[in-house]
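Visitor: Handing you this structure, nothing more for now.
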């Protein structure tokens, strides 16, 4: 793999996109209230969350996931189309594991759909970014 290439700035942007997409996904505009209801969380519980810890760990884990996908997309022939396809294939693994865990936790299908929707969108977007930003 002598021509293997990772754009580190693109990887950083992909990690930031986790927060951007999440901010929209779990906003009142989209799924904030249904997600809150499916989790049985009160407004008070959400207000008392340790947000610096949550956002910090979210960014760190998204950065690791973005680098992981970037390693798969580091070949010279990578295109934005292959980036999206690879992102969606990665989303299948993640969403499937999420659903398995949620089934054992006896979570609702609505809960699974909201969270898996985010997973699919996020991985497609970062695949696109990593595929196009060479």
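Taken together, the values in this text are just the output of simple stated rules run on the coordinates, not laboratory data. Keep in mind that what you see is a predicted model, and the values were worked out from it rather than measured. Using ideal geometry, Cβ is built from the backbone for each residue, glycine included, and neighbour counts are taken over all protein chains shown.
Visitor: Would you check which residues across region 107-117 are more than 15 Å from the chain's Cα centre (by Cα) and without any contact (Cβ under 8 Å) to a residue 40 or more places away in the chain and list them?
Guide: Within region 107-117, 109 is the sole residue that qualifies.
Residue-by-condition table, conditions (1) touching a residue at least 12 places away in the same chain (Cβ under 8 Å); (2) over 16 Å from residue 11 (Cα atoms):
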{"residue": "90", "(1), (2)": "yes, no"}
{"residue": "95", "(1), (2)": "yes, yes"}
{"residue": "101", "(1), (2)": "no, yes"}
{"residue": "105", "(1), (2)": "no, yes"}
{"residue": "119", "(1), (2)": "yes, yes"}
{"residue": "123", "(1), (2)": "yes, no"}
{"residue": "126", "(1), (2)": "yes, no"}
{"residue": "130", "(1), (2)": "yes, no"}
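Visitor: Turning to a different aspect of this structure: Are any residues in region 74-124 surrounded by 14 or more Cβ atoms within 10 Å (Cβ to Cβ) and at positive phi, and if so, which ones?
Guide: Matches in region 74-124: none.
Visitor: I'm told residue 32 meets every condition in (1) surrounded by fewer than 15 Cβ atoms within 10 Å (Cβ to Cβ); (2) under 15 Å from residue 129 (Cα atoms); (3) over 16 Å from the mean Cα position of the chain (by Cα) except one. Can you identify the failing condition by its number?
Guide: Failing condition for residue 32: (2).
Visitor: Got a sec? Which helices (runs of 4 or more DSSP H) wholly within region 36-134 have at least 2 residues that are within 18 Å of residue 24 (Cβ to Cβ) and out of contact with any helix residue (DSSP H, G or I) (no Cβ under 9 Å at 6 or more places or on another chain)?
Guide: 51-72
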